[in-house]
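Read the structure below first, then the notes.
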Amino acid sequence: MTALAIEPTTQSRPEQPRGGCVITTDASYAARLARHGASWYPERWTLDGPEPYAVPLPGNQPEEPGTAVLPLTDGRVLIRRESDGRHLFSLLYPTGPGTGEVPLGAVECDDATELTLLPPAPDGRCAYALAVRAEVTDLWLVAGGAFGPEHVAEIKGRCSGGVWLDRAGRMLALDRRPAGGGPVKAVAVDLERGGELSPLLQITEDSEDRLLLADLDSGLILVRSDAAKAGQPRLGWGVLGGTLPVRFPQALRLPDCTVTPFAVQPGQTLMPESCAVALRVDGAGGSAPWLGIWRPAEGTMHQLAAPDGWLAGSGFWSRDGVLALPCVTAEVSCALARVSAPEPEAPRAPAAPAVQAPAVARPVPLAQAPLGGRKSSG
């Protein structure tokens, strides 16, 4: 059913952590915070060559464990360090035996403000961050601007998440809790119009509806919502710009487990039901996560043991349905485990319909989203 192959490098370092890594949208580079002994340092992975390899990017002193890194498609790595309420941004790059660093500037935040990096932008050159205050969220361009960090928008409410909705990096989906309270709803933010908001996902008026992933080729979206069963968030799927209700298949519900999608197979143009989706499955009691693979057209989630050293929650699909999972072990410091998606199930007699949101609760804002279907705007 699956094929698993490890592509190692000749490098080897002991005591590597099992945290995830961040991968560019074109899967050319990845970055993570690695550890040797008690010292943490940024590490860049090159993924688009004959085999993956890692380049350490240590600075003059070890990094703090909470330091964030994000790769750009030119091979540089954005790093965010925190010091006395200031979030300092720099670009790192290898320079022979050392590490080059280009300081970009800082964003000042008080103790009550949470600042997080957003997922890599589609163009691979820009990087954004959210600074969440009590009732307001500031959106910052922290790399790719002309003069250091640039304030892009002030959004009323507390925002989280972050899913890009076009290849030009103009439309960004955020999960927003309104100022003063209320349920979380996914909204679209237009970066070229000062952060103008428009509704994106509202399954019912009172449900909490978060957008987790969106594939621009097929239009497939993965959401988490408590609309199907009040108080119990469940995974569902729909189509960006579609008119059918978001569906909540039983296959995505595992008792006492948290299921989180992290990669969608690209290249399935206008065929959302055929996309393979990779899922991280976390069981109760702190057990090691394992892997799920599922297609919307199927009634089954294929559950697989994770490869040794998987940087859990990290991975990317090829167009032909091969899932690459970054792995690190004590013997191999940089590897990709490759898992072939199971063959699609053969057609069968219609089964009972999947659990859906109430019939009146189709995602109307998705049908009216300002994206004009699923064509690239860049």
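The values are calculated or read from the model by the stated rules, or taken from the named source; none is laboratory data. Small disclaimer: the values here were computed from a predicted structure and weren't measured. Heads up, the Cβs are rebuilt from the backbone with ideal geometry, glycines too, and the neighbour counts pull from every protein chain shown. Remember, those area values only see protein heavy atoms, side chains included, never the ligands or the DNA or RNA. Shrake-Rupley method; radii C 1.70, N 1.55, O 1.52, S 1.80 Å.
To keep it simple, each residue is scored yes or no on (1) surrounded by 22 or more Cβ atoms within 10 Å (Cβ to Cβ); (2) touching a helix residue (DSSP H, G or I) at 6+ places or on another chain (Cβ under 6 Å); (3) at pLDDT 95 or above.
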| site | (1), (2), (3) |
| --- | --- |
| 227 | yes, no, no |
| 232 | no, no, no |
| 250 | no, no, no |
| 263 | yes, no, yes |
| 271 | no, no, no |
| 275 | yes, no, yes |
| 279 | yes, no, yes |
| 283 | no, no, no |
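Scan the stretch 93-117 for residues that are open to solvent by less than 50 Å² (accessible area, probe 1.4 Å), part of a strand (DSSP E or B) and β-branched (Val, Ile, Thr) and report the count.
Looking only at that region, the number is 2.
Since residue 219 meets every condition but one in (1) buried (at least 18 other Cβ atoms within 10 Å of the Cβ); (2) touching a helix residue (DSSP H, G or I) at 6+ places or on another chain (Cβ under 6 Å); (3) within 19 Å of residue 282 (Cβ to Cβ), which condition does it not meet?
Checking residue 219 against (1) buried (at least 18 other Cβ atoms within 10 Å of the Cβ); (2) touching a helix residue (DSSP H, G or I) at 6+ places or on another chain (Cβ under 6 Å); (3) within 19 Å of residue 282 (Cβ to Cβ), the one that fails is (3).
From the set of residues in the stretch 123-139 that are open to solvent by 50 Å² or more (accessible area, probe 1.4 Å) and out of contact with any Gly (no Cβ under 8 Å at 6 or more places or on another chain), which is modelled with the highest pLDDT?
My answer is 133.
Return only the number of the condition from (1) closer than 30 Å to residue 123 by Cβ; (2) without any contact (Cβ under 8 Å) to a residue 60 or more places away in the chain; (3) of a type outside the set (Ser, Thr, Tyr) that residue 219 does not satisfy.
(2)
Assuming residue 83 fulfils every condition listed in (1) free of Cβ contacts under 8 Å to residues at least 24 places away in the same chain; (2) of a type outside the set (A, V, I, L, M); (3) open to solvent by 30 Å² or more (accessible area, probe 1.4 Å); (4) farther than 22 Å from residue 35 by Cβ apart from one, which condition is it?
(4)
Mind listing whichever residues of the stretch 273-288 are more than 22 Å from residue 242 (Cα to Cα) and not in a loop (DSSP other than H, G, I, E, B)?
Passing the criteria: 278, 279, 280, 281, 282, 284, 285, 286.
Would you tally the residues in the stretch 214-247 being β-branched (Val, Ile, Thr) and farther than 16 Å from residue 186 by Cβ?
1
Out of 186, 179, which single residue is under 22 Å from the mean Cα position of the chain (by Cα) and of a type in the set (Gly, Ala, Ser)?
Answer to the check: 186.
State all residues of the stretch 289-314 that are more than 21 Å from residue 253 (Cβ to Cβ) and either in a strand (DSSP E or B) or open to solvent by 10 Å² or more (accessible area, probe 1.4 Å) (or both); if no residue qualifies, say none.
307, 308, 310
Return a yes/no flag: does the stretch 201-213 have any residue that is modelled with pLDDT under 95 and hydroxyl-bearing (Ser, Thr, Tyr).
Within the stretch 201-213 (the criterion being modelled with pLDDT under 95 and hydroxyl-bearing (Ser, Thr, Tyr)), the answer is yes, since at least one residue qualifies.
When you go through 74, 26 one by one, which is the residue that is of a type in the set (Asp, Glu), part of a loop (DSSP other than H, G, I, E, B) and within 18 Å of residue 100 (Cα to Cα)?
74
Report, by residue number, each residue of the stretch 170-203 that is buried (at least 21 other Cβ atoms within 10 Å of the Cβ) and without any contact (Cβ under 8 Å) to a residue 40 or more places away in the chain.
175, 176, 184, 185, 186, 187
What pairs come out if I take residues in the stretch 276-303 that are on the phi < 0 side of the Ramachandran plot and pair them with residues that are among the aromatic types (Phe, Trp, Tyr) and part of a strand (DSSP E or B) whose C-beta lies under 6 Å away, six or more apart or interchain?
Short answer, once both residue conditions are applied: 277/294; 278/262; 280/262; 281/290; 296/237; 301/294.
Looking only at the stretch 252-272, which residues are under 20 Å from residue 122 (Cα atoms) and either among the aliphatic types (A, V, I, L, M) or in a loop (DSSP other than H, G, I, E, B) (or both)?
Hits for the stretch 252-272 are 263, 264, 265, 266, 267, 268, 269, 270.
Are any residues in the stretch 154-169 open to solvent by 50 Å² or more (accessible area, probe 1.4 Å) and within 17 Å of the chain's Cα centre (by Cα), and if so, which ones?
160, 167
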